[in-house]
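Asker: Below you'll find the structure I mean.
The values are calculated or read from the model by the stated rules, or taken from the named source; none is laboratory data. Since this is a predicted model, take the numbers as computed values, not measurements. All Cβ positions, glycine included, derive from the backbone under ideal geometry; neighbour counts span all protein chains shown.
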Amino acid sequence: MILSGRHMAPQERVFVTDAAEEVRVRNTLPRDFPGISDLCKCIYPDTAPWSANELSSHLAVFPEGQFVAVYGSEEKVVGMCASLIVLWDDYQMLDNWEAFTADGFFTNHDAKRGHTLYGAEVIVDPRFEHHGIGEKLYCARRGLTKRLELWRIRGGSRLRGYHQYAGQVAPEEYVVQVVHGYLRDPTLTFQLHQGFHVLAVVPHYLSDDPASLGYAAVIEWLNPETIVPEMLVERPTQFLHKDVLRHLVTGDNRGGC
Ligand SMILES: CC(C)(COP(=O)(O)OP(=O)(O)OC[C@H]1O[C@@H](n2cnc3c(N)ncnc32)[C@H](O)[C@@H]1OP(=O)(O)O)[C@@H](O)C(=O)NCCC(=O)NCCS
């Protein structure tokens, strides 16, 4: 495999066709920390990467909630996702990433009272994007949510493509256009295809993210094994695709793995 360059156009990505099969997802171990740090620096060059202290804290409070995607026998880290359990009522929809993650340490993890898996991070090496690694990571999250009989996954989806449209449309309108497939966002479109839907659009979610200008969509995936009609009451509908309610009510929510 040839790997080169940080921000490659799709045609510049080099990926041996069967390489994705050599990527597996497992729980994060301390030996993965340097690889995770390298990955963060590659994706968010202007932001401090996850520190060993933060990653150790995640493993201390919720080891089964932390996953890496590793490639080949050397187990190169090519993706990761980090999650915690929260009691949603303890938070406001407009809270930012720091509030939901206790400034990145997950010390607010509350498996006793919480029913919501909060997705704090998901990243895939840009050189390995579009080969199903993100989906594998989300499968691991959905499987965890089902095993723990949680109600749902929620998280902030950074509006990675919004900077291209910021002068033309408000972030709410951008999200509506993405939800209905008129615009494509490199992150939100992927998450919608993973069975998520949008509850709200929030400013100042990631304060130092030039791609999203800080805006994020609050997204949700409902666990088809625990969903009950009460969970659908009084939910915001402004950002729902017209077909979503039907899927929710019939339980036809993506959950094959
Ligand atoms: C968002 C992110 C995690 C997705 O990871 P990924 O590994 O590219 O995800 P996948 O490969 O599973 O899916 C991405 C797309 O590639 C497609 N795809 C998957 N395998 C493919 C293949 N073999 N050939 C062609 N396309 C493929 C998927 O269908 C999907 O299309 P969609 O966006 O229309 O749904 C990744 O782009 C990323 O790390 N982004 C930067 C960080 C970020 O924004 N994280 C989210 C914070 S909220």
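Asker: Do we have ARG160 as within 16 Å of the ligand (Cβ to nearest atom), out of contact with any Pro (no Cβ under 8 Å at 6 or more places or on another chain) and outside any strand (DSSP E or B) here? Please lay out each step first, then the result.
Answerer: Working: within 16 Å of the ligand (Cβ to nearest atom): yes; out of contact with any Pro (no Cβ under 8 Å at 6 or more places or on another chain): no; outside any strand (DSSP E or B): yes.
So ARG160 does not fit the description; no.
Asker: Tell me which residues, restricted to segment 164-220, are more than 12 Å from the ligand (Cβ to nearest atom), assigned to a loop (DSSP other than H, G, I, E, B) and closer than 25 Å to ILE43 by Cα.
Answerer: TYR165, ALA166, GLY167, LEU183, PRO203, HIS204, SER207, ASP208, PRO210, LEU213, GLY214
Asker: Still on this structure, I have one more. With GLU149, GLU64 as the choices, which residue is more than 16 Å from the ligand (Cβ to nearest atom), assigned to a helix (DSSP H, G or I) and touching a residue at least 60 places away in the same chain (Cβ under 8 Å)? Outline the logic, then answer.
Answerer: Details: GLU149 fails: assigned to a helix (DSSP H, G or I).
Result: GLU64 is the single residue among GLU149, GLU64 that is more than 16 Å from the ligand (Cβ to nearest atom), assigned to a helix (DSSP H, G or I) and touching a residue at least 60 places away in the same chain (Cβ under 8 Å).
Asker: If you don't mind, another one. Would you confirm, using the coordinates I've provided, whether GLU234 is more than 15 Å from the ligand (Cβ to nearest atom), exposed (fewer than 15 other Cβ atoms within 10 Å of the Cβ), free of Cβ contacts under 8 Å to residues at least 40 places away in the same chain and at positive phi? Full working, then the answer.
Answerer: On the way: more than 15 Å from the ligand (Cβ to nearest atom): yes; exposed (fewer than 15 other Cβ atoms within 10 Å of the Cβ): yes; free of Cβ contacts under 8 Å to residues at least 40 places away in the same chain: yes; at positive phi: yes.
In short, yes.
Asker: Show the residue pairs that are 6+ apart or on different chains and have beta-carbon atoms under 8 Å apart, the first residue being within segment 40-53 and among the hydroxyl-bearing types (Ser, Thr, Tyr), the second being modelled with pLDDT under 95 and within 13 Å of the ligand (Cβ to nearest atom).
Answerer: What qualifies is TYR44/ASP209; THR47/ASP209.
Asker: Given the residues TYR44, TYR118, which is the only one that is in contact with a Lys or Arg (Cβ under 9 Å, 6 or more places away or on another chain), within 16 Å of the ligand (Cβ to nearest atom) and of a type in the set (Phe, Trp, Tyr)? Even if it seems obvious, please write down each step before you answer.
Answerer: Values: TYR44 fails: in contact with a Lys or Arg (Cβ under 9 Å, 6 or more places away or on another chain).
Step by step, each of TYR44, TYR118 is checked, and only TYR118 is in contact with a Lys or Arg (Cβ under 9 Å, 6 or more places away or on another chain), within 16 Å of the ligand (Cβ to nearest atom) and of a type in the set (Phe, Trp, Tyr).
Asker: Which is surrounded by 20 or more Cβ atoms within 10 Å (Cβ to Cβ) and either touching a Cys at 6+ places or on another chain (Cβ under 8 Å) or over 20 Å from LEU144 (Cα atoms) (or both), of VAL78, VAL70?
Answerer: Numbers: VAL70 fails: either touching a Cys at 6+ places or on another chain (Cβ under 8 Å) or over 20 Å from LEU144 (Cα atoms) (or both).
Result of the check over VAL78, VAL70: VAL78.
The rows are residues; the columns are (1) basic (Lys, Arg); (2) surrounded by 15 or more Cβ atoms within 10 Å (Cβ to Cβ); (3) touching a residue at least 40 places away in the same chain (Cβ under 8 Å).
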residue: HIS163; (1), (2), (3): no, no, yes
residue: GLY167; (1), (2), (3): no, no, no
residue: GLU173; (1), (2), (3): no, no, no
residue: TYR182; (1), (2), (3): no, no, no
residue: ASP185; (1), (2), (3): no, yes, no
residue: THR189; (1), (2), (3): no, yes, no
residue: GLY195; (1), (2), (3): no, yes, yes
residue: VAL202; (1), (2), (3): no, yes, yes
